[in-house]
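Here the structure is laid out as structure tokens; the discussion comes afterwards.
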Amino acid sequence: MKQVGEISGQDLREMFAAATNWLEKSSADIDALNVFPVPDGDTGTNMLLTMRSTVEEAFRAPDHSASAVAKAMAKGALMGARGNSGVILSQILRGLAHGLEGKEKINAADLAEALEESSAQAYRGISNPTEGTILTVIKDVAHAAREKVAENGSDLVALLETAVAAANESVANTPKLLKVLREAGVVDAGGQGLFTILEGALHYLTGEEEQMRFRKPKIIISDLPATKLPAMIADDEIPYGYCTEFLLKGEDIDTDKIRKKMEKKGESLIVVGDESAVRIHIHTLDPGEVLSFASGLGTMHQVSVRNMDEQHQGFLEMQKERAPAIDTAIIAVVSGDGLADVFTSLGVSAIIPGGQTMNPSTKDLLQASEAAASDKIIILPNNKNIIPTAGQVQELTKKTIHVIPAETIPQGIAALLAFDYEANFDTNTQLMDKALENVRTIEITRAVRATQIGRLKIQKKQAIGFLDGDLVAVGDSPAEVLNRTLRKVNLNKAEVITIYCGADTQRTEADELAREIKENHSHLQMEVVRGGQPHYNFIVSIE
Amino acid sequence: MVVRIVTDSLSDITPELAKELGIDTVPVYVRFGKEVYKDRIEISTDEFYRRLVHDVAFPTTTQPSPGDFLEVYKRLAKEANEILVVTLSSKLSGTYQSALQAKGLMEGEKCRIEVIDSQKVVMGLGLIVTSAVRAAKAGANLDQLVDLVRKAIPRSHSAMFFDTLKYLAKGGRIGKAQGLLGSLLAVKPILTVKDGEISPLTRVRSRTAGLDYLYKFVAGFPKIEELAVEHATTPDEAEQFAKRLGALYPTDRIIRATVSPVIGTYVGPHVLSVSVLEAAA
């Protein structure tokens, strides 16, 4: 096993040059991961450009001491930083330079200490640090490095190996910390970039440069499956506005003051630098205001204003290409977060919010169909009133659309489960259509007005029970009505009963009902699931 | 010319059946903690499932070593001129690699050896092996057997009804069935082996629906050469199901088998599987 005790400033420069080449190989893959803070798909490219500027400047260092090279690198990173992750990377390098101040050569203890500075500096530069990003990764790396040095700290190779392993673990963990990553089923792009840089540095140190030419960096995989398609994520956060970045040069610049002033002008604010040069990055709806404020403080360089909504569209296109080629996409109309999760977990490609009293438009369904990564679409309307709307989609698109006439949520789920992965489109639509017959649906809700249907007299706000769409029971409590409705079904032939509780219903109430049913029908498999649906206290499927 | 046939224990051909057929099955290993057992030989199916459900340690499996194969090759080479080896899918286990490496160690010996990756597992592999045995008994030589096995591979189909994906996921063999994980409803998956990997077929909510699917799966093949029904811990249900399949294929000719402990590591208890060898066109 190769061991390295200390490295010079030249080594440091070469190490980062190798890391930059390594990063270049996977920058496109890293772009495709990008969902936080804005899914614009340029994290890999931004980090690469930042690293290039870092290495270029490293060659301009006045001497070959580690201290001078690190300082030049930090300057290069600050000058060339692009995007959120690029700016944070520049802070990491700035911390590194600070930690290596005055050092001729670097040993393992020096590097571990410098990494701690990097971590601290990275957090300082951000107005509201978010965990589950590159910040968490540098923090975990610094922590692991410190422990390694404390344990047996003289070998730089061993130290970097520990750092790479810590980065790997930390990156893999990012989806657990950050919801947008979890929903998209990806790891944090910036964290992945940092991991790749560290890995590249390690390869240089172990003398594997030759092999690096023929290999590709690994992209860490999120071990949690995606729960939502990327297209769904941004719905409640539009518009993004403009990503505005520039370098401000002047004298006696007060970064704290700038940060305070800018905070109210947008999102994802980063202000980093010193009295003579500051890099500013902000997502704002009014870039003009930001620029005119800054122009009063000094001269502006490398000004960049990009429309992020356009970038986001580009990102969605890229995601579409990256998504696995599925032969058939299934779109479901569902309301209630619990039910949406159930449908998603069973493999639908997109959820359109809607149901009773909130029917989606044909346009909503058409857009989802057009956005799906397949030319063959199956729509589950899950409501009688939505079936005709869904039926119109076919006339408006070149894609092949089949609408399963599912009138209820349980029918939609039964159809979804019948999907056969090895069957072709026509066979699947037949299987799914047929599956509707195998399930019965009970829905319990409250009457919105007094009425009489057949022999049933109903007061306003009384609980009423529907069996396969027909009103069959009325009473004061939803539980009582559910029991009465269940009596109309021959449960001896049933095997599985699933109760989906509504948004305003206590789960304990459903659990109690399930227990009672099981007591009287011991052969039944009972399941209670939080549906979170509006209007309906209970939706019950009987299979 | 004498040709002998070798497979591994994941063909679900029991030692008894192997003896009857005159073939060798090289056992894969199953391990609980530090205890290592030869599949079916040193640990019975019943004992295995008792421990799978009750032991804290989760079992792992290990492919046979090249040495295990070499031993068998050397013994057979004393009486045979040719050996055909058919292993389970190389995407599920390193058994194929071990068999190949052992072949390399036999270089210079007079006995000719051919190793084939069946891309199947359980009776999907077992039925291919038994059809090769029949051909060998009818006088086929090694080259003819290799040709026969290669042509039988695309005609062999399995569908496995799982009670849970827990064990498959823990064992890291989930393959393309990954997408079936994480369901928020209690669903029972039905899987197949496609291109050597575990792949999803569909999901059902009840055992009755699962058995119905398996029945329709078998009914989907108009000409069946051989049919096998396998279970892990539910012999009565398997027997009843075999009777039901009688409408499609003579019940007395259906091969009954139990999945081996190594397979049990991944499928868990309550699995029911059917394998069909389609008749050649």
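The values are calculated or read from the model by the stated rules, or taken from the named source; none is laboratory data. The model shown is predicted, which means the values in this text are computed figures rather than measured ones. Glycine gets a Cβ as well: all are built from the backbone with ideal geometry, and neighbour counts include every protein chain shown.
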- [ ] Say whether the condition of being modelled with pLDDT of 75 or more, charged (D, E, K, R) and not in a helix (DSSP H, G or I) is met by at least one residue in region A:233-246.
- [x] yes
Open item on the list: Conditions first: (1) at pLDDT 90 or above; (2) on the phi > 0 side of the Ramachandran plot. A:GLY207 passes all but one, so which condition is the exception?
Closed with: (1)
Open item on the list: One residue is enough: does region B:124-131 have a residue meeting the conditions buried (at least 17 other Cβ atoms within 10 Å of the Cβ) and either within 14 Å of another protein chain (Cβ to nearest Cβ) or without any contact (Cβ under 8 Å) to a residue 40 or more places away in the chain (or both)?
Closed with: no
Task: Matching helices (runs of 4 or more DSSP H) fully within region B:1-89 where at least 1 residues are free of Cβ contacts under 8 Å to residues at least 40 places away in the same chain and closer than 29 Å to B:SER131 by Cβ - done: B:15-21, B:66-77
Open item on the list: Test of understanding: among A:SER67, A:SER170, which residue is in contact with a helix residue (DSSP H, G or I) (Cβ under 6 Å, 6 or more places away or on another chain) and among the polar types (S, T, N, Q)?
Closed with: A:SER170
Open item on the list: Checking the conditions here, which among A:ALA163, A:ALA167, A:ALA120 is among the small types (Gly, Ala, Ser) and within 21 Å of the chain's Cα centre (by Cα)?
Closed with: A:ALA167
Open item on the list: Could you check region A:390-435 and list, in sequence order, the residues that are in contact (Cβ under 8 Å) with a residue 60 or more places away in the chain, of a type outside the set (A, V, I, L, M, F, W, C) and away from chain B (no Cβ under 14 Å)?
Closed with: A:GLU407, A:THR408
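Scan B:ALA102, B:ALA77, B:ALA57 and give me the residue that is assigned by TED's automatic domain parsing to the domain that holds B:LEU142 and crowded, with 20+ Cβ neighbours inside 10 Å. Quick ask: steps written out before the conclusion?
Values: B:ALA77 fails: crowded, with 20+ Cβ neighbours inside 10 Å; B:ALA57 fails: crowded, with 20+ Cβ neighbours inside 10 Å.
The conditions single out B:ALA102.
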TODO: Tally the residues that are free of Cβ contacts under 8 Å to residues at least 60 places away in the same chain and either closer than 17 Å to B:ASP163 by Cα or within 14 Å of another protein chain (Cβ to nearest Cβ) (or both), restricting the search to region B:220-261.
DONE: 9
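Quick one: in region B:118-164, of everything that is of a type in the set (D, E, K, R) and in contact with a Leu (Cβ under 8 Å, 6 or more places away or on another chain), which residue is farthest from B:VAL193 (Cα to Cα)? Quick ask: steps written out before the conclusion?
Quick first cut of region B:118-164, residues of a type in the set (D, E, K, R) only: B:120, B:134, B:137, B:143, B:147, B:150-151, B:155, B:163.
Keeping just the survivors that are in contact with a Leu (Cβ under 8 Å, 6 or more places away or on another chain) gives B:120, B:155.
On the way: B:LYS120: 6, B:ARG155: 12 Å.
Looking at the filtered set, the residue picked out is B:ARG155.
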Task: Considering residues of region B:182-211 that are among the basic types (Lys, Arg) and assigned to a strand (DSSP E or B) only, the residue farthest from the other protein chains (Cβ to nearest Cβ) - done: B:LYS188
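Yes or no, residue by residue, for (1) at pLDDT 85 or above; (2) surrounded by 14 or more Cβ atoms within 10 Å (Cβ to Cβ); (3) closer than 19 Å to A:ILE92 by Cβ:
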| residue | (1), (2), (3) |
| --- | --- |
| A:LYS261 | no, yes, no |
| A:LYS264 | no, no, no |
| A:GLU267 | no, yes, no |
| A:VAL272 | no, yes, yes |
| A:HIS281 | no, yes, yes |
| A:LEU285 | no, no, no |
| A:SER295 | no, no, no |
TODO: Kindly indicate whether B:LEU214 is within 14 Å of chain A (Cβ to nearest Cβ), outside any strand (DSSP E or B) and under 28 Å from B:SER93 (Cα atoms).
DONE: yes
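Given region A:424-543, what strands (runs of 3 or more DSSP E) lie entirely inside it while holding 3 or more residues that are within 26 Å of A:PHE343 (Cβ to Cβ)?
Values: elements: A:440-446, A:451-453, A:456-458, A:463-467, A:470-475, A:496-501, A:525-530, A:538-542.
Qualifying strands (runs of 3 or more DSSP E): A:440-446, A:463-467, A:496-501, A:525-530, A:538-542.
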TODO: Quickly run through region A:515-538 and pick out the residues that are of a type outside the set (D, E, K, R), within 13 Å of chain B (Cβ to nearest Cβ) and surrounded by 15 or more Cβ atoms within 10 Å (Cβ to Cβ).
DONE: A:LEU524, A:GLN525, A:MET526, A:VAL528, A:VAL529, A:GLY531, A:GLY532
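Would you be able to tell me the number of residues in region B:222-275 that are among the β-branched types (Val, Ile, Thr), outside any loop (DSSP other than H, G, I, E, B), closer than 21 Å to B:THR130 by Cβ and under 15 Å from the mean Cα position of the chain (by Cα)? Give the steps one after another, and end with the answer.
Kept after step one, since they are among the β-branched types (Val, Ile, Thr), are these residues of region B:222-275: B:224, B:229, B:233-234, B:251, B:254-255, B:258-259, B:262-263, B:265, B:267, B:271, B:274.
Within this subset, residues satisfying the condition of being outside any loop (DSSP other than H, G, I, E, B) are B:224, B:229, B:251, B:255, B:258, B:262-263, B:265, B:267, B:274.
After this cut, where a residue has to be closer than 21 Å to B:THR130 by Cβ as well, the list is B:224, B:229, B:251, B:255, B:258, B:262-263, B:274.
From what's left, under 15 Å from the mean Cα position of the chain (by Cα): B:229, B:255, B:258, B:262-263, B:274.
Going through region B:222-275 one residue at a time, the tally reaches 6.
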TODO: Looking at (1) exposed (fewer than 13 other Cβ atoms within 10 Å of the Cβ); (2) within 19 Å of A:GLN525 (Cα to Cα); (3) under 39 Å from the mean Cα position of the chain (by Cα), find the lone condition where A:GLU437 falls short.
DONE: (2)
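Table: residues versus (1) buried (at least 24 other Cβ atoms within 10 Å of the Cβ); (2) modelled with pLDDT of 90 or more.
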site	(1), (2)
A:ALA74	yes, yes
A:ALA77	yes, no
A:VAL87	yes, no
A:GLY95	yes, yes
A:GLY102	no, yes
A:GLU116	no, yes
A:GLU131	no, yes
A:LYS139	no, yes
A:GLU147	no, yes
